[in-house]
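Here is the structure we will look at, set down as structure tokens.
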Amino acid sequence: MRAYSRVVNYQWMEEKLTAYYSLLRDYAVGGAPGGWWPENETKSELRRKEPTARQILKRLDPDLADFESEGLEGPYGAMHAIERGLGILADQEEWAANLAPEGPVIAADQLHPWVWASASTLWDSGHYRQAVQAAATAINAKTQAKLGRRDVSDDKLMQDAFSENPPQPGQPRLRCPGDPADQTIRSRQRGALQFAVGCFFAIRNPASHEEGEWEPQVAIECLAALSVLARWIDEWEVVSAA
């Protein structure tokens, strides 16, 4: 999930798994014949550290997070899962270099703050469609606040905000920076209108009304599109009626 979520601290993950593994190994030594392990301070510490270890393994390989630390295998089942997780961490750079073509990676935490701040919690919990919906909702609210509009929302708000028509009383517009007579600036203004409305028709509406989960790749592409829109709204000038 490295390509889709915020920057992951792999060193921290390795340190946590190594510490947990060391505790497991120490505890295993104290086991009695027949598979009985005592209740002691080490076992209590293992229980405290287990949730973090499971979350790390879930990021690396969800199957590894299903280990049993207090079953018939005792700590050995958990040790086997941690060993595999540490192996993934140790070799991940080689995997990236040798098993996939080089290409750009979307750093989600570098998307526009309106988008990622709204989407990140839902994204991290695996609710990708809802994360896109939350980002679009945030853009709508931020646009309303910037333009001082509460009477329109969503696609209608985008139509009014990016309209090439002169601003009307109570209906300010967003204008692309630059000379409004310049052909490129006029083209950007016209394209932004179509893009903004399209984002709400083709991204926001499905994210709000469809059922089921979206694939992460689909969702991150939608967030990237919404990030472009958010930057325009954030950076473009508000022009009001004289």
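The values are calculated or read from the model by the stated rules, or taken from the named source; none is laboratory data. Keep in mind that what you see is a predicted model, and the values were worked out from it rather than measured. We place every Cβ from the backbone using ideal geometry, glycine too, and count neighbours over all the protein chains shown.
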*Output for the stretch 5-52, where each listed residue is at pLDDT below 80, surrounded by 11 or more Cβ atoms within 10 Å (Cβ to Cβ) and over 17 Å from Glu70 (Cβ atoms)*: Ser5, Arg6, Val8
*Any idea which of Asp160, Asp109 is in a helix (DSSP H, G or I), at pLDDT below 95, surrounded by fewer than 23 Cβ atoms within 10 Å (Cβ to Cβ) and not hydroxyl-bearing (Ser, Thr, Tyr)?*
Asp109
*Considering only residues of the stretch 169-215 that are β-branched (Val, Ile, Thr) and over 27 Å from the mean Cα position of the chain (by Cα), which is surrounded by the most Cβ atoms within 10 Å (Cβ to Cβ)?*
Ile185
*Note down all Cβ pairs under 6 Å where the first residue falls in the stretch 226-237 and is in contact (Cβ under 8 Å) with a residue 24 or more places away in the chain and surrounded by fewer than 19 Cβ atoms within 10 Å (Cβ to Cβ), the second is of a type outside the set (Phe, Trp, Tyr) and outside any helix (DSSP H, G or I), and they're at least six residues apart or on different chains.*
Arg231/His112; Glu237/Arg175
*Does Ala136 satisfy being assigned by TED's automatic domain parsing to the domain that holds Trp116, under 26 Å from Pro104 (Cβ atoms), under 25 Å from the mean Cα position of the chain (by Cα) and not hydroxyl-bearing (Ser, Thr, Tyr)?*
yes
*Identify, from the list Asp155, Asp160, the residue that is acidic (Asp, Glu) and farther than 28 Å from Ala107 by Cα.*
Asp160
